[in-house]
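The structure under discussion appears below in the form of structure tokens.
The values are calculated or read from the model by the stated rules, or taken from the named source; none is laboratory data. Quantities reported herein were computed from a predicted structural model and do not represent experimental measurements. Cβ placement follows ideal geometry from the backbone for every residue including glycine, while neighbour counts extend to all protein chains displayed. Just so you know, the surface numbers come from the protein's heavy atoms only, side chains and all, with ligands and any DNA or RNA stripped out. Shrake-Rupley method; radii C 1.70, N 1.55, O 1.52, S 1.80 Å.
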Amino acid sequence: MGPFERSFLFLARRKAVLPAFLLVVLGLSVGGAVQVNFAEDIFALLPADEPRVAETRIALERYRGLERIVIALESDDPAALASAVDEADANLRKLDGVKGVVSRVDRATREDIFNLYSGKAPLLFDEAFRAELEPRLTREFFAARLQDFLDEQAGKEGISVVSTFRRDPFGFDELVFQRFEHLNGGFRGKTDGVGRILSSDGRFAVLFVEADFPSSDTGHGREFMDALQAALPTGVTTHVIGAHRSSVDNAVVLRNDMHLTVATSLIAIVLLFLIVFRSLTPILLPLLSVGFGFIVALGLQGWLHGELSAITVGFSAVLLGIAVDYGIHLVTTYGSEPGERPQRAQLAVSHVGRPAFVAALTTVAAILMLRCSSFDGLHQLSEMAMAGIAGALVFALLAGPQLLRVAGPKSVSAQGLSNLLGRLNAGRRRLRVPLLVAALAATLGLGACLPLVGFDGDVMNLDGKSDATRESELAVQQAFGQDTLSRTLVVSSGDDMQAALRENDLNSAALQRLSAKFEGLAWVLPARVTQQQHLEHWQRFWSEQRIVALKRAMAQARAVRPDTGTELGFSEEQIEARFGELFAGIRMATPPAQLDPSDLRGKPVWALLASYLSESDDGVSVGATATLDPSSMGELRAATPSAIVLNKAGFVARMVGFIQSDLLLMGGLSLLLVIVVLVLTFGSAREVGIALVPVAGGMVWTLGLMGLFGIKFNIINTLVTVFIAGLGIDYGIFLVQTWRGSTGPEQAARRLQHAGAGVLVAALTTLFGFGSLALANHPALFSVGITTALGVTSALLLTLFVVPTLLEFRRSRKVQHD
């Protein structure tokens, strides 16, 4: 008599022991579970020691502007487009949940820029300014400006610009004002007469909306986005994009998918149990065992850590799906036997106990290797899954037989399924060699497809955005630039404003050296130290030789008076006299007053500048966004060691690297540990090899089919392979351990028949539960569902047809030898 039978008899005699034990465990578990604080921070799952993770967290926490809602209005009628922008602006400002709206560079801001930045060219004279200025210091440029001046003075434009021309004929201020175009957040285009932000072709106008709640609040977000959409004008095409729109799209498609898949899986599982057991009571035992395990796992986390990621809980629940098999095997074996309830319960636990224990042991050993992962979230996941599987196993093997003893289903309730497996086994025995040859051929063929398996590291492909949102993103990208929605964020920080601005200046200079297009405050608000350096640069640039050469070029220029047709020009002596204000500014007899943030704060222009600033008690951070070749990221990081550099492609590539290395490390260690456990349990290399057929062959089949059908691995379905591997190991162990416990061919055939029935019900339950996600529209759920369906089906076929065939080959040879 084995330990599981003895525990069954002991608990049957001492009826108070089991309830007391379960109540104590549940009490402690509930006590720990109520202490759990569920966190929604996805960064808690990522490698905590990885600098890019910390940098990304800081950037997202400090720059809510990354979550702005972008509204693009489209029309071929300029008047209708302008009217729509004004109507949308007015309506959106009245909307609950809107913190701010930017639809134009308004008149007050433009006047601010003119008044505050006129004559400030020396303060902004960096290398980029110099490169734009030098081509203007020619005879041809001055002649063109002189001609414009004469045309305007004669009334062609209806205004007089004598003072402006004499003070600034080369457009120093014009170059200064143009620098504010580098604060457009990557939306390349133009503005109309009143400052509306338009695309280059004038067909699109864009508005920016800042919500007063985060995009993760999808409950509020659904109502808000509906109200926002209703507030937009008719008569033009509207495009709404941004983090809030994407979050709501994902929430909607996830909700619809869950309704579909949950309903489908529940109906399928209920029908399965009704067909197999002709009753729904057998489903209670697997559910109770998994529920008990889950509460134990949650309670343990509460006592050990207190905080738990909600995402980790979700994936733990998936891994706990492995534990449902223990109760299913017990119920299936119980329902396949004749006799009274106590005898059938004792027989079921004697048949299932040891295989379930060994299967759980190897599964826990494999999951233990998640502790070796770089991802902190997988450490918690391993703790949750191991505790949950252990709890489910204890309940299934201790409480399960006692429940079946007093309230189990009728005798031979699962005999129909068992008989079906008997007929399948009879056919399998007749076709043993062809089946093995076919399985080997399939394995070799699908193994040849393994190089076709790809890895999709772009998390955007797992986004459940609607087709309308994707089309809107494409339209905005085409209208305002292909890089509009894909930027590199460079964050510079300091203890105070000037320190942060200085760091931003240095990092922006590095971007300029890399020929990167970027937006940021370095263009219009450098630190005081940098402004002083620009002044010195200006003074060095304007040597006496350069000033003399400029006067000579100006004296050589000619233009025609539009009223008389006579030619006009200036001598070098006249140049000095007529353009004295220009040369006074060039020589900087009186340097301009420096630009100071405290003087700009509170003025209309500050709203434009403040979008690149983040001020807190810990200091000041300044952001710059850039379009950068991915190959230059390493050089940028080396040139800006003090900056936070956030780039989606680089971040994803780094995480993909971690995942790939983790798969190799954890996969190798898990396989090694499982083999050690099986060798110690079975003591036979051949039996170990047979037990591993479902997991090894199943993984080859799954990966091969994925490569064949073009289904790529991603950051989500990669973790599902742990689940599939756990199931495959359990299936193989159940059959091998069941076969080992038989005393002869007839008993082996009958026990394999019962074990096969249990594996079939367990696999179908998994397919209906998790495989139903293949019906989902959300890319992440679909990838989980299709990967699970392929993996479980592969492992099931190998378990039912290959494993017993290999086991029987040994027995038949042994009988022949005897």
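Of the three principal axes defined by the Cα atoms of region 467-587, the extents in descending order read 64, 42, 22 Å. Normalised by the number of residues in the chain, the average gap of Cα pairs under 8 Å and 6 or more apart makes the relative contact order 21 percent.
With +1 assigned to the C-beta of every Lys and Arg and -1 to the C-beta of every Asp and Glu, and no other charges, what is the dipole magnitude of region 196-242 about the Cα centre in debye, to the nearest 20?
260
In terms of overall dimensions, region 699-774 has a Cα radius of gyration and Dmax of 15.7, 48 angstrom.
Applying 1/(1 + (r/R0)^6) with R0 = 35 Å to the Cβ-Cβ distance of A16 and S684 gives a FRET efficiency near 0.25.
Against the chain, whose longest principal axis comes from its Cα atoms, helix 432-447 is set at around 10 degrees. The packing ranking of peptides 556-565, 743-752, highest mean first, is 743-752, 556-565, where packing means the average number of other beta carbon atoms within 10 angstrom of each residue. The mean of 1/r over all distinct Cα pairs in region 343-467, once inverted, gives the Kirkwood hydrodynamic radius of 19.8 Å.
Stretch Q556-F177 to full length: gain in nm at 0.36 nm per residue minus the Cα-Cα span? Show your work: numbers first, answer last.
On the way: separation 379, 0.36 × 379 = 136.44 nm, distance 2.86 nm.
Stretched out fully, the Q556 to F177 stretch lengthens by 133.6 nm.
Could you tell me the relative contact order of region 339-487? Use alpha-carbon pairs under 8 Å, at least six residues apart, and round to a whole percent.
Details: 51 pairs, mean separation 35.2, N = 149.
It comes to 24 percent, rounded to a whole number.
Seen from a random direction on average, the alpha-carbon convex hull of region 528-593 projects onto 5.8 square nanometres.
Order the peptides 775-781, 12-18, 336-342, 386-392 from the highest to the lowest mean number of other Cβ atoms within 10 Å of their residues. Don't jump to the answer; show the numbers that get you there.
Working: 775-781: 19.7, 12-18: 11.7, 336-342: 16.1, 386-392: 25.0.
Those peptides, ordered most packed to least, come out 386-392, 775-781, 336-342, 12-18.
Positive-end ranking of L116, S515, G291 along the dipole of the chain, with charges on Cβ about the Cα centre, is headed by G291. Ranked by the mean number of other Cβ atoms within 10 Å per residue, highest first, peptides 616-624, 795-803 order as 795-803, 616-624.
Full-extension gain between K99 and L9, please, as 0.36 nm times their residue separation minus the C-alpha to C-alpha distance. Working shown, then result.
Working: separation 90, 0.36 × 90 = 32.40 nm, distance 6.87 nm.
Answer, rounded to one decimal: 25.5 nm.
Counting only Cα atoms, the chain measures 123, 53, 48 Å along its principal axes, largest extent leading.
Over the chain, accessible surface divided per residue gives 44 Å², non-protein components excluded, 1.4 Å probe.
Principal-axis analysis of the Cα atoms of the chain puts helix 107-117 at an angle of about 60° to the longest axis. Using a probe radius of 1.4 angstrom, the carbon and sulfur fraction of the accessible surface of the chain is 60%. Across the protein chains, with a 1.4 Å probe defining accessible surface, the residues K603, K410 rank K410, K603 from largest area downward. In the distance distribution for region 182-278, Cα-Cα pairs more than 16 Å apart total 71 percent. Its convex hull of Cα atoms gives region 496-654 a direction-averaged projected area, equal to a quarter of the hull surface, of 14.8 nm². Scalar couplings 3J(HN,Hα) for region 393-404, obtained by applying the Karplus form with A = 6.51, B = -1.76, C = 1.60 to θ = phi - 60°, are 5, 4, 5, 5, 8, 9, 7, x, x, 5, 5, 5 Hz; x denotes Gly and Pro.
Determine the calculated [θ] at 222 nm for the chain from helices alone, applying -39500 (n - 2.57) to every DSSP H run no shorter than 4 residues and normalising by the residue count; nearest 500 deg cm²/dmol. Numbers along the way, then the final one.
Numbers: 35 runs with 515 residues, N = 818.
Helix-only estimate at 222 nm: -20500 deg cm²/dmol.
Kirkwood Rh, region 660-794, all Cα pairs: how many Å? With all distinct Cα pairs of region 660-794 included, I get 15.9 Å. Computed from the C-beta positions of R528 and Q478, the FRET efficiency with R₀ = 45 Å rounds to 0.60. For region 692-703, backbone phi angles converted through the Karplus equation (6.51, -1.76, 1.60; θ = phi - 60°) give residue-by-residue couplings of 8, 4, x, 6, 5, x, x, 5, 5, 5, 4, 5 Hz, Gly and Pro being listed as x. Principal-axis analysis of the Cα atoms of the chain puts helix 243-277 at an angle of about 10° to the longest axis.
Going through the cross-link list K120/K551; K517/K712; K99/K190; K517/K648; K551/K603, which pairs have a Cα-Cα distance over 29 Å in this structure?
Numbers: K120/K551 22 Å; K517/K712 34 Å; K99/K190 25 Å; K517/K648 17 Å; K551/K603 39 Å.
Where the Cα-Cα span goes over 29 Å, the pairs concerned are K517/K712; K551/K603.
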